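Here's the structure, in structure tokens; my notes come after.
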Ligand code: ADP
Ligand code: MG
Ligand code: MG
């Protein structure tokens, strides 16, 4: 079973990973965007860990909805509302349970990923975070480790794609040949999830 502390560990691990990889994420965003993805997520996840310590939400769903709200309120870029929606909708789908199974979580996460698609209007193959999130959500129904592999492969698969959503789409064909920053950070979030599961 996944308890409140598991979701707290997930957010803490995500914040640490984003902190470590901030320069890399910003480098990727400088190639096909505006060079702020690392700093956007650094600011957002630092605020998430801070509010989780302060407010100490009591259920898995409450941890994720609070984290999502915080991302939306602290990150100005596209990724704030998108990741914020992912976490809020996942949290909402978890309801008020004190503990959830991985299967329940996988279903909730899939609902969160679908909400990201609705908000941003992107689909698989558009060279966005969804190219990592969609395969990860599907693999999560089987295992955490499988979700990590799927997210990483999904992020790498964005390299040859031409962006059809977000800032990178303004570049047209020049967006080809670069890994999408959001798909890369999405893989980090899924890695943090697997790390929380083994801790
Ligand atoms: P901004 O582009 O506003 O500077 P970020 O740099 O933080 O925001 O985030 C960029 C990432 O957001 C992209 O690499 C992409 O993965 C993701 N993204 C942008 N627009 C969309 C969208 N409509 N749907 C899904 N993901 C998107
Ligand atoms: Mg950017
Ligand atoms: Mg920006």
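Rule-based calculations on the coordinates, nothing more; no lab input. Predicted, not measured: the structure shown is a model, and the values here were computed from it. Glycine also receives a Cβ, built like all others from the backbone with ideal geometry; neighbour counts cover every protein chain displayed.
Here are a few things to note about the model shown:
- Label positions at residue 92 and residue 73, each projected 7 Å from the Cα along the C-beta direction, are separated by 1.7 nm.
- Between helix 144-156 and the chain: long-axis angle, C-alpha atoms, 0 to 90°, nearest 10: 20
- Top of 75, 18, 100 by mean-square fluctuation, Gaussian network on the chain, Cα under 10 Å: 100
- Choice from 90, 49, 184 with maximal GNM fluctuation in the chain (Cα, 10 Å cutoff): 49
- Rounded to the nearest 10 degrees, the angle from helix 79-94 to the longest Cα principal axis of the chain is 30 degrees.
- Contact order relative to length of the chain, as percent, for alpha carbon pairs under 8 angstrom and 6 or more apart: 22
- Net length gained if the chain between residue 103 and residue 50 were fully extended (0.36 nm per residue, minus Cα distance): 16.2 nm
- C-alpha long axis of helix 37-55 to longest principal axis of the chain, angle in °: 10
- Pairwise label distance in nanometres, residue 124 with residue 173, each label 7 Å out on the Cα-Cβ vector: 2.7
- Comparing 163, 106, 124 in a Gaussian network model of the chain, where Cα atoms under 10 Å apart are tied by springs, the biggest mean-square fluctuation is seen for 124.
- Centre-to-centre separation between the Cα atoms of the range 40-112 and those of the range 120-199: 18 Å.
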